[in-house]
Amino acid sequence: MAHTDLHELLRTLRVWSPEVTELRPFDPDTAPNAPLGLFTRWFAEAVAAGQPEPHTMSLATTDEDGDPDVRIVMLHGADESGWSFATHSTSRKGRALAAHPRAALVFYWPALARQVRLRGPVTAAPSPESQADLHARSTGALAAALTGRQSEVLPSLEELRRTSEAAWQQARRNPQEPSPTWTLYRLRPETVEFFQGDAERRHVRLEYVRRGEDWHRRLLWP
């Protein structure tokens with residue numbers, strides 16, 4: 001295998017190459033009074049720009065020992081009650097949120113040099129709502145949920161294959177099969193930041209801060 005120098009490789013890479021990234025102007029004075037409308041618009045623009053998997057986001061939590069963790073999850077929805085995602089309550093994410101029910105989310109859409117960052121408390125939806133969210137998804141999503149045991153030690157890939165095949169059969173037989181630990185979570189943001197990259201590094205950062213039921217806007221230095 002050819003030797004690869006990581007630092008040399010890093011020096012060959014560019015950020016926001018014009019061949020793949022469109023740097024659009026962003027005037028924060030035109031932004032709406034609440035972040036949800038701007039998020040919805042930016043999300044739709046990311047989809048239209050061909051951004052792969054724009055609905056994926058980084059979820060950061062803190063576990064019972066105070067150690068941080070971060071992983072990629074899928075956005076299940078966003079409305080006035082918060083930004084939602086789902087996982088097993090018994091997973092590492094679920095246990096961390098039970099211990100410290102606060103989290104941060106980050107969306108990164110390099111096709112437009114944009115980020116959206118959110119922080120705030122997280123609550124779990126009631127079980128009927130969580131199950132309804134699961135059953136509105138694909139057969140594969142249900143099979144994965146029924147496979148369960150997320151984050152537990154896996155003895156072998158063969159055991160995963162057998163358990164997964166059984167879960168797929170179960171999901172096909174009964175599309176309404178419950179997964180008791182599957183939980184829909186909502187992050188109700190206290191801050192939401194919109195970051196628009198700029199070719200001259202004069203990046204525009206607009207932050208919304210919740211105060212009671214109202215939102216206040218402010219600019220941040222890049």
So, taking all protein chains as they sit and a 1.4 Å probe, how much accessible area belongs to Ser156, in Å² rounded to tens?
50 Å²
Along principal axes, largest first, the alpha-carbon spread of the chain in whole Å comes out as 57, 54, 38
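Rounded to the nearest 500, what is the 222 nm mean residue ellipticity of the chain from helices alone, with -39500 (n - 2.57) per DSSP H run of 4+ residues and division by all residues?
After summing the helix terms and dividing by the residues of the chain, the value is -8500 deg cm²/dmol.
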So, with +1 on the Cβ of K and R and -1 on the Cβ of D and E, and no other charges, what is the size of the charge dipole of the chain about its Cα centre, to the nearest 20 debye?
140 debye
With a 1.4 Å probe and all protein chains left in place, how much accessible area per residue does the chain have, in Å²?
59 Å²
Under a 10 Å cutoff between Cα atoms, tell me which one of Gln169, Gln51, Gln150 has the largest fluctuation in the Gaussian network model of the chain.
Gln169
Could you give the semi-axes, largest first, of the ellipsoid that matches segment 26-121, computed as the square roots of 5 times the alpha carbon gyration tensor eigenvalues and rounded to whole Å?
27, 15, 12
Given a cut-off of under 8 Å on Cα pairs at least six residues apart, what relative contact order in percent is computed for the chain?
22 percent
Binned at 5 Å starting from 0, the alpha-carbon pair-distance distribution of segment 174-222 in whole percents comes out as 5, 15, 16, 13, 10, 9, 8, 9, 8, 5, 2, 0
Picking from Pro126, Pro155, Pro32, which is most flexible by a Gaussian network model of the chain using Cα springs under 10 Å?
Pro155
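Can you pull out the trypsin sites (Lys or Arg not before Pro) in segment 13-96 that DSSP calls coil and that have at most 14 other Cβ atoms within 10 Å? Could you put the intermediate results ahead of the total?
Working: sites: Arg14, Arg41, Arg71, Arg92, Lys93, Arg95; in loops: Arg14.
Passing both the DSSP loop test and the Cβ count: Arg14.
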Highest average packing first - 115-122, 5-12, Cβ atoms within 10 Å
115-122, 5-12
Counting only protein heavy atoms, what percent of the accessible surface of segment 26-181 is carbon or sulfur at a 1.4 Å probe?
54 percent
With springs only between Cα atoms under 10 Å, which of Glu53, Glu190, Glu22 fluctuates most in a Gaussian network model of the chain?
Glu53
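The values are calculated or read from the model by the stated rules, or taken from the named source; none is laboratory data. Worth saying up front: this structure is predicted, and the values here are computed from it rather than measured. When we count neighbours, we look across all protein chains shown, and the Cβ atoms used for this are built from the backbone with ideal geometry, even at glycine. The accessibility values were calculated without ligands, DNA or RNA, using every heavy atom of the protein model including side chains. Shrake-Rupley method; radii C 1.70, N 1.55, O 1.52, S 1.80 Å.
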